[in-house]
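Colleague: This is the structure I want to talk about, given as C-alpha cells.
Every number here is computed from the coordinates shown, using simple stated rules; none is lab data. In this text the structure is predicted, and so the values were computed from the model without any measurement. Heads up, the Cβs are rebuilt from the backbone with ideal geometry, glycines too, and the neighbour counts pull from every protein chain shown.
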C-alpha cells in the first residue's frame, strides 16, 4: 500500500511538471478558439495533478477543490472579459489558487530531507508555477488598467494571456528582451518583485538541494 501511494504521488508530480511544460510550449502552435481549448485543457491538468498530490491532506484538498471552480470558470473562458469586475475577481482567485500550489510545494520541499525524483520535480514546478501565478497578476493589472503592460488595442483574451504568460517568464528569468515593457508604476513594481523572487528562489532552492544531496556508496570513488 505504501509503495502504491509513493508511485501515485510520483506520477502526480510528473503530471504536474509535464502539464506546466506543455502549457509553456503547446498553446503557441494553436490559434483562435483551438488555442483557448488547448490552454484550458492544460490549466485543468495542472489543477487536477495538484489535487492528486494533496489528496490525503483533507483540509488542503477541500480548499483546492473550492478554489478550482472559479479557476475552471476562468480557464475555459466561461466569463467574458467585458464583464470587468467579475473577470478581475476570477483572475485574482486564480492568483490565490496558484500561489496556494506554490506554498504547498515549498512546504513539501522543506518537509522532505532526501533528494529524490519528487523533490527535483517539485523544485522545478515551483519555479514554473511562480511564472504562471505572476501571469495572472499581470492579467489582473491589465484588466484593471488596459495598456499597463500590453498594447491597449489588443482585444482577444487568449492573446492577452499568452503575451502576459510569455512576459512573466521573460521577467522571472531576468532575460528582459524589452519587446514588452510595463508602462504603469504598479506593473513596474510587480515586475521588480517577480525578478527578485525568481532569483532568490533559484539561489535558495539550488543551495538546499545540493546541501541535502548525498552520493550513493561508491559514487564518489
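Colleague: Where Rh is the Kirkwood radius over the Cα pairs of the chain, the temperature 20 °C and the viscosity 1.002 mPa s, what D in µm²/s does Stokes-Einstein return?
Modeller: Rounded, D is 116 µm²/s.
Colleague: Hey, what angle do you get for helix 157-172 against the long axis of the chain, alpha-carbon based, 0 to 90 degrees rounded to 10?
Modeller: 50
Colleague: With everything on Cα atoms, drop me the angle between helix 58-75 and the longest principal axis of the chain, reported from 0 to 90° to the nearest 10.
Modeller: Rounded to the nearest ten degrees, it is 30.
Colleague: With r defined as the distance between the Cβ atoms of residue 154 and residue 212 and R0 fixed at 35 Å, what FRET efficiency is calculated, to the nearest 0.05?
Modeller: FRET efficiency, residue 154 to residue 212: 0.20.
Colleague: Under 15 Å from a point placed 7 Å out from the Cα of residue 86 along the Cα-to-Cβ direction: which residues of the range 44-73 have their backbone N that close?
Modeller: Residues 70-73 fall inside that zone.
Colleague: Express in whole angstrom the spacing between the alpha-carbon centres of the range 132-194 and the range 61-107.
Modeller: 18
Colleague: Moving on to the next point. Which angle between 0 and 90 degrees, to the nearest 10, do you get for helix 185-212 versus the longest principal axis of the chain when only C-alpha atoms count?
Modeller: Long axis of 185-212 versus the principal axis of the chain: about 10 degrees.
Colleague: Further, regarding this structure: Starting at 0 and stepping by 10 Å, how many percent of the alpha carbon pairs of the range 91-167 end up in each bin?
Modeller: 19, 40, 23, 14, 4, 0
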